[in-house]
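Every number in this text was worked out from the coordinates using simple rules, so none of it is lab data. This is a predicted model, so every value here is computed, not measured. Glycine gets a Cβ as well: all are built from the backbone with ideal geometry, and neighbour counts include every protein chain shown.
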C-alpha cells in the first residue's frame, strides 16, 4: 500500500516539495492545500490531485504531511495533524514559540509519530563530507547572505537565514551556550534584515554568525578552526578547502568540489523511510527546538541592546 501524503502550503518551498513528491512511486499524493484556492488548483490539476483551501478536510485521511506554510501557522496545523495521527515534515523554523515547539514534540512522542524539521543544509553534501572529520572546534565562522527576495517577511533574518547556521553549529558543537552577544538592524522591512552574533559554548568554542537578506551577493559559507587545521565549506557551491599545518612545516591545502545531490528529494526520502521503518529522522523536532531557542536568545540580546 502506498503512503498517503499531503502538502499544505503552495508557496516557494511548497512548489519545490510537490515537484519532488511527485517522483516517488511509494507515495500517493491525496491532497494539496493552500488558502489561495487558485494557487492550489493550479498545482493540483496537472497531476490530477484534489485541491483544498482548508487542511482540516484532510485530517485523519493521510499518513504523512509536508507543512510549508508561514511560520506563525506551523503550530496549529502541525498540532491538528499530530492529533489525527499523521507523520509530519515541517519546514523551518519549527514554530514561532518555544512552548509551541515543545508541545508538538511531546505530541509526536506520545503518539509515536515522526516530527522532522526542514533544515536542508544538514543534507548539503559539502557539510556531510566534513562533519565526521570535525572533532574539537575552537572557532566557527558562518556567513549567509542573499539579495532581498520579498519572501519570508513574516519573520526576521535570524529565523529566516541565520537559523540554518545555528542548526549546523549546534550539530557540530553539542555543548551548552554560556554567553551571547549580538547586534542587528532593520532596513527594508520592519523586522531585522541584518544580524550578527557571537556565541560562546561551555567547552570554550566560539561561533561568529553573520546573516543578511539585503546583500548584493549570495553567500553561504562555514569556516571551522580546529587545532592545526581549518575547514572552509562553501555550502552554495559544494566546495571544500582543507588546510593543515604540521609542526615546523608549511601549510598543506587541499581543495575539492563535492558531487551534488537533490537535497529536498533526499530530505523527503528520509521522511518516507522514517515513516516506513519507525526510525527517528536525522533532523528531529528536538533539533528544531534547540535552534529556535538559541535564535530567540540572539533576538532577545539584539532587542535589549538596540539604540
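Tabulated data for the structure shown
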{"read-out": "Sorted by Cβ neighbour density within 10 Å, fewest at the top, the residues 154, 252, 193, 234", "value": "252, 154, 234, 193"}
{"read-out": "Whole-Å distance, taken between Cα centres, linking the range 108-153 and the range 185-217", "value": "16"}
{"read-out": "Exposure proxy ranking, count of Cβ atoms within 10 Å, fewest first, for 178, 10", "value": "178, 10"}
{"read-out": "For the chain, calculated [θ]222 nm from helices alone, where every DSSP H run of n ≥ 4 adds -39500 (n - 2.57)", "value": "-9500 deg cm²/dmol"}
{"read-out": "When the chain is reduced to its Cα atoms, the Kirkwood hydrodynamic radius in Å", "value": "20.4"}
{"read-out": "Nearest-ten-degree value, helix 263-277 long axis tilted from longest Cα axis of the chain", "value": "60"}
{"read-out": "Cα long-axis angle, helix 163-172 against the chain (0 to 90 degrees, to the nearest 10)", "value": "60"}
{"read-out": "Packing-based order for 155-162, 222-229, 275-282, using average beta carbon neighbours within 10 Å, highest first", "value": "155-162, 222-229, 275-282"}
{"read-out": "Fully extended contour minus Cα-Cα distance, from residue 15 to residue 280, at 0.36 nm per residue", "value": "92.8 nm"}
{"read-out": "Computed lengthening from residue 59 to residue 305, 0.36 nm per intervening residue step minus Cα-Cα distance", "value": "84.1 nm"}
{"read-out": "Amide N of the range 1-19 lying under 13 Å from the label point, which is placed 7 angstrom from the Cα of residue 149 along Cα→Cβ", "value": "11-17"}
{"read-out": "Cα-based shape type of the range 192-307, given that a ≥ b ≥ c are square roots of the gyration tensor eigenvalues and the cut on a/c is 1.5", "value": "oblate"}
{"read-out": "Radius of gyration and maximum dimension Dmax of the range 3-113, Cα, Å", "value": "13.2, 40"}
